[in-house]
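S.K.: Right, I'll just put the structure down here and ask away after.
The values are calculated or read from the model by the stated rules, or taken from the named source; none is laboratory data. All of these numbers come straight from a predicted model, not from anything done at the bench. Cβ placement follows ideal geometry from the backbone for every residue including glycine, while neighbour counts extend to all protein chains displayed. Surface accessibility is based on the protein's heavy atoms, side chains included, excluding ligands, DNA and RNA. Shrake-Rupley method; radii C 1.70, N 1.55, O 1.52, S 1.80 Å.
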Amino acid sequence: MLQDKVLQEDWLVACRSTDVKEKPIQIMLMGERLAIFRNSKGVHAFKDLCIHRGAALSLGEVKNDCLVCPYHAWEYDESGDCVKIPQLPEGKPIPKKAKAVRYACIEKYGFIWVNLAGNHPEIFPYPEMDGTEFRNVIWGPQEVQAKPPRIIENFLDVGHLAVVHQGYLGTETHREIENYKVNHKDGRIYSDEIAIFQPDPDGSGQAKYVYYTYEILRPFTVRFTKRDRENDTLMTILLTVRPVDEEMSIAYGILSFNYETGLSDEEITAFQDEIFSQDKPIVQNQKPEELPLDLQVELSLVSDRVSIAYRQYLKELGVVLGTA
Ligand code: FES
Ligand code: CO
């Protein structure tokens, strides 16, 4: 397992809820192979390793609420205890050591989250999914050959919108970023509203200013809300990134709208895929791969305040993975 105490003790995204059906699945998280399965009590995550002969439990099946190893059919209940060994003669007790290693696991916001340290901290809030005001669309997975902090910082980067996403999320004529602050209030870290001139933010064909508020929720989970001041409509995108191993990450998102977009879920995710495909070559080729937390290392502008706040946040927390 990749060593990073802060991340091991946090909820990290493992996959979408819809990925875990009746069959167990294998997920790589922080270099650790997990078997994730669903039974009548919910979703559970084990180390993907049977103590008998090292088989991958994720290749097995779920039967009578137990995860059954594919090799000799030992049955593990959701606590990780082995409750049946078919090779044992009737009446012989199951050895005490016959257990699977279990990680903390919850299902929330349309995703499965795993805590590798086995803790149950409170998960970050996402009020857009609490009520019925917002339509929520799950986005991803998107594989990226980069470390999570570079991916997250790209998402928090205001200045690139009118360059990398020119014609989509910005225009060449409006690249200047007005001054803004990052607020640290009540344990939250969020920017002021930042004006961004977009060619067609609401699909009407009318170019205008919209206002972005960025917020840092967790080391690998951030969001922004785009507000149209004319009609007070809101769109939020939450980005959360799974550290797969040293080289690879997988990005997921939630896109939330409090207005009628006139688009299907497929059209919404296809647009987001296109935007992401514009960022991907940039992020996959940034050097160093590790996000520099020493603010003297790269050259920041005032308009990079959200990124700077993110770097400071990671530094204060002591996040190691993907930082330098
Ligand atoms: Fe799992 Fe034998 S390796 S039951
Ligand atoms: Co981008």
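S.K.: Output the number of the condition that PRO201 fails; it satisfies all remaining conditions of (1) of a type outside the set (D, E, K, R); (2) at pLDDT 95 or above; (3) closer than 24 Å to GLY140 by Cβ.
M.R.: It is condition (2) that PRO201 fails.
S.K.: I've got another one for you. State yes or no: is ALA55 farther than 30 Å from PRO125 by Cα and in contact with a helix residue (DSSP H, G or I) (Cβ under 7 Å, 6 or more places away or on another chain)?
M.R.: no
S.K.: Among GLU22, GLU78, which is surrounded by 15 or more Cβ atoms within 10 Å (Cβ to Cβ) and acidic (Asp, Glu)?
M.R.: Exactly one residue qualifies, and that residue is GLU78.
S.K.: Taking the criterion of being near ligand 1 (Cβ under 9 Å from one of its atoms) and more than 30 Å from PHE124 (Cα to Cα), would at least one residue in the range 86-96 satisfy it?
M.R.: Yes, because at least one residue in the range 86-96 is near ligand 1 (Cβ under 9 Å from one of its atoms) and more than 30 Å from PHE124 (Cα to Cα).
S.K.: Let me ask something else about it. Could you say which residue among GLY253, GLY262 is open to solvent by 40 Å² or more (accessible area, probe 1.4 Å) and either part of a strand (DSSP E or B) or free of Cβ contacts under 8 Å to residues at least 60 places away in the same chain (or both)?
M.R.: Just a single option satisfies the conditions, and that option is GLY262.
S.K.: Condition first: touching a residue at least 60 places away in the same chain (Cβ under 8 Å), closer than 15 Å to ASN136 by Cα and of a type outside the set (Val, Ile, Thr). Now tell me which residues in the range 265-280 satisfy that.
M.R.: ASP265, GLN272
S.K.: While we're here: Is it the case that some residue within the range 54-67 is within 16 Å of ligand 1 (Cβ to nearest atom), touching a Pro at 6+ places or on another chain (Cβ under 9 Å) and open to solvent by 60 Å² or more (accessible area, probe 1.4 Å)?
M.R.: yes
S.K.: Can you tell which of ILE216, ILE177, ILE196, ILE151 is over 26 Å from VAL320 (Cα atoms), open to solvent by less than 20 Å² (accessible area, probe 1.4 Å) and not small (Gly, Ala, Ser)?
M.R.: The unique qualifying residue is ILE196.
S.K.: Name the residue, out of GLN296, GLN278, GLN286, that is within 23 Å of the chain's Cα centre (by Cα) and assigned to a loop (DSSP other than H, G, I, E, B).
M.R.: GLN286
S.K.: Which ones in the range 219-250 are of a type in the set (D, E, K, R), open to solvent by 20 Å² or more (accessible area, probe 1.4 Å) and closer than 30 Å to GLY31 by Cα?
M.R.: Here is the first cut: in the range 219-250, the residues of a type in the set (D, E, K, R) are 223, 226-230, 232, 242, 245-247.
Now narrow it down to the ones that are open to solvent by 20 Å² or more (accessible area, probe 1.4 Å): 223, 226-227, 229-230, 232, 245-247.
Selection gives ARG223, ASP245, GLU246, GLU247.
S.K.: How do the strands (runs of 3 or more DSSP E) wholly within the range 1-115 filter down when requiring 2 or more residues that are touching a Gly at 6+ places or on another chain (Cβ under 7 Å): which remain?
M.R.: Fully inside the range 1-115 and qualifying: 66-68, 102-108.
S.K.: Report yes if VAL101 is within 16 Å of ligand 1 (Cβ to nearest atom), modelled with pLDDT of 95 or more, closer than 20 Å to ALA14 by Cβ and open to solvent by 50 Å² or more (accessible area, probe 1.4 Å), otherwise no.
M.R.: Yes; evaluated as a whole, the condition is true for this residue.
S.K.: Could you list, ordered by first residue, the pairs with Cβ atoms under 6 Å in which the first is in the range 112-136 and farther than 30 Å from SER264 by Cβ and the second is part of a loop (DSSP other than H, G, I, E, B), at least 6 apart or interchain?
M.R.: ASN115/TRP11; ALA117/GLU9; ASN119/GLU9
S.K.: Which ones in the range 116-135 are outside any loop (DSSP other than H, G, I, E, B) and open to solvent by less than 50 Å² (accessible area, probe 1.4 Å)?
M.R.: Once the filter is applied, which keeps residues that are outside any loop (DSSP other than H, G, I, E, B) and open to solvent by less than 50 Å² (accessible area, probe 1.4 Å), the range 116-135 yields only GLU128.
S.K.: Give me the pairs, please: first residue somewhere in the range 287-303 and within 18 Å of LEU156 (Cβ to Cβ), second residue anywhere and aliphatic (A, V, I, L, M) and open to solvent by less than 50 Å² (accessible area, probe 1.4 Å), beta-carbon distance under 7 Å, and either six or more positions apart or on two chains.
M.R.: GLU289/ALA146; LEU293/LEU314; LEU295/ILE308; SER300/ILE308; SER303/VAL158; SER303/ILE177
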